[in-house]
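Q: First, the structure itself, so that you have it in front of you.
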Amino acid sequence: MIDFLIALGWAIWYVLPAYIANAMPTILGGGVPIDGGKKMGDGRPVFGSHKTVRGFGVGVLFGSLVGFVQAATLGPILRICSGILQGLGAMLGDLAGSFIKRRKGIKPGDPLPLLDQLDFVLGAVALSYLVEPFSLITFLLILSITPPLHVLTNVIAYLLKIKEKPW
């Protein structure tokens with residue numbers, strides 16, 4: 001049991017920059033859409049109005065800051081690079097998820113289960129793995145804990161009136 005808790009703690013520590021990066025656009029985002037309001041040949045937005053330049057920037061910034069704090073406290077200096085890459089990867093993964101949702105005709109803010117919970121974390125771990133590899137167990141733990149944590153944090157954000165919808 002202790003080994004499991006240590007592995008779980010490491011998985012959360014590893015992916016924390018991505019979790020923070022994914023949350024910050026909801027709190028500090030808004031403004032100009034990252035796609036400039038452009039539409040694809042199918043008449044649908046590239047990403048949609050909820051994906052903004054400011055949201056992308058604060059996501060990368062706060063993911064990076066978490067990596068700096070981790071490196072300064074408990075981590076190897078490599079956590080800085082990993083934090084930056086996780087912040088960037090989380091935002092790119094989220095954009096990829098939005099692109100897929102727009103192609104399927106799903107409106108901004110409407111749910112697509114599992115994609116909504118995993119797009120950002122898959123982008124984050126894909127990029128950060130390049131500088132800070134992790135075990136298969138860590139990856140499976142991240143994939144297991146992210147969907148329920150994502151749902152829980154979205155419900156909390158909705159109850160606090162930070163989000164318009166609880167998903």
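Q: Only one of these is at pLDDT 95 or above, part of a helix (DSSP H, G or I), touching a strand residue (DSSP E or B) at 6+ places or on another chain (Cβ under 9 Å) and not small (Gly, Ala, Ser): PRO25, PRO17. Name it.
A: PRO25
Q: Test each condition in (1) out of contact with any strand residue (DSSP E or B) (no Cβ under 7 Å at 6 or more places or on another chain); (2) closer than 24 Å to TYR158 by Cβ; (3) in contact (Cβ under 8 Å) with a residue 24 or more places away in the chain; (4) surrounded by fewer than 18 Cβ atoms within 10 Å (Cβ to Cβ) for LEU112 and report the one that comes out false.
A: Looking at each condition in turn, LEU112 falls short on (3).
Q: For the range 115-154, how many residues meet the condition of being within 17 Å of the chain's Cα centre (by Cα) and either loosely packed, with under 14 Cβ neighbours inside 10 Å or at positive phi (or both)?
A: 4
Q: Turning to a different aspect of this structure: Mind checking whether some residue in the range 27-40 is within 24 Å of ALA157 (Cα to Cα), in contact with a Leu (Cβ under 6 Å, 6 or more places away or on another chain) and either touching a residue at least 60 places away in the same chain (Cβ under 8 Å) or not charged (D, E, K, R) (or both)?
A: no
Q: How about the range 115-126: which of its residues are in contact (Cβ under 8 Å) with a residue 24 or more places away in the chain and closer than 18 Å to PRO25 by Cβ?
A: The answer is ASP116, GLN117, LEU118, ASP119, PHE120, VAL121, LEU122, GLY123, ALA124.
Q: While we're here: Could you list all residues from the range 76-109 that are crowded, with 20+ Cβ neighbours inside 10 Å, over 19 Å from HIS150 (Cα atoms) and charged (D, E, K, R)?
A: Scanning the range 76-109 gives ARG79, ARG102.
Q: Return the residues of the range 13-33 that are surrounded by 15 or more Cβ atoms within 10 Å (Cβ to Cβ) and of a type in the set (Val, Ile, Thr); say none if nothing qualifies.
A: The answer is VAL15, ILE20, THR26.
Q: Within the range 155-166, count every residue that is surrounded by fewer than 17 Cβ atoms within 10 Å (Cβ to Cβ), out of contact with any Lys or Arg (no Cβ under 7 Å at 6 or more places or on another chain) and not β-branched (Val, Ile, Thr).
A: Summing the residues that are surrounded by fewer than 17 Cβ atoms within 10 Å (Cβ to Cβ), out of contact with any Lys or Arg (no Cβ under 7 Å at 6 or more places or on another chain) and not β-branched (Val, Ile, Thr) in the range 155-166 gives 6.
Q: Can you find a residue that is under 13 Å from LEU127 (Cα atoms) and out of contact with any helix residue (DSSP H, G or I) (no Cβ under 6 Å at 6 or more places or on another chain) anywhere in the range 50-69?
A: No.
Q: Within the range 51-88, how many residues turn out to be among the β-branched types (Val, Ile, Thr) and not in a helix (DSSP H, G or I)?
A: 2
The values are calculated or read from the model by the stated rules, or taken from the named source; none is laboratory data. Since we're looking at a predicted model, the values are computed, not measured. Using ideal geometry, Cβ is built from the backbone for each residue, glycine included, and neighbour counts are taken over all protein chains shown.
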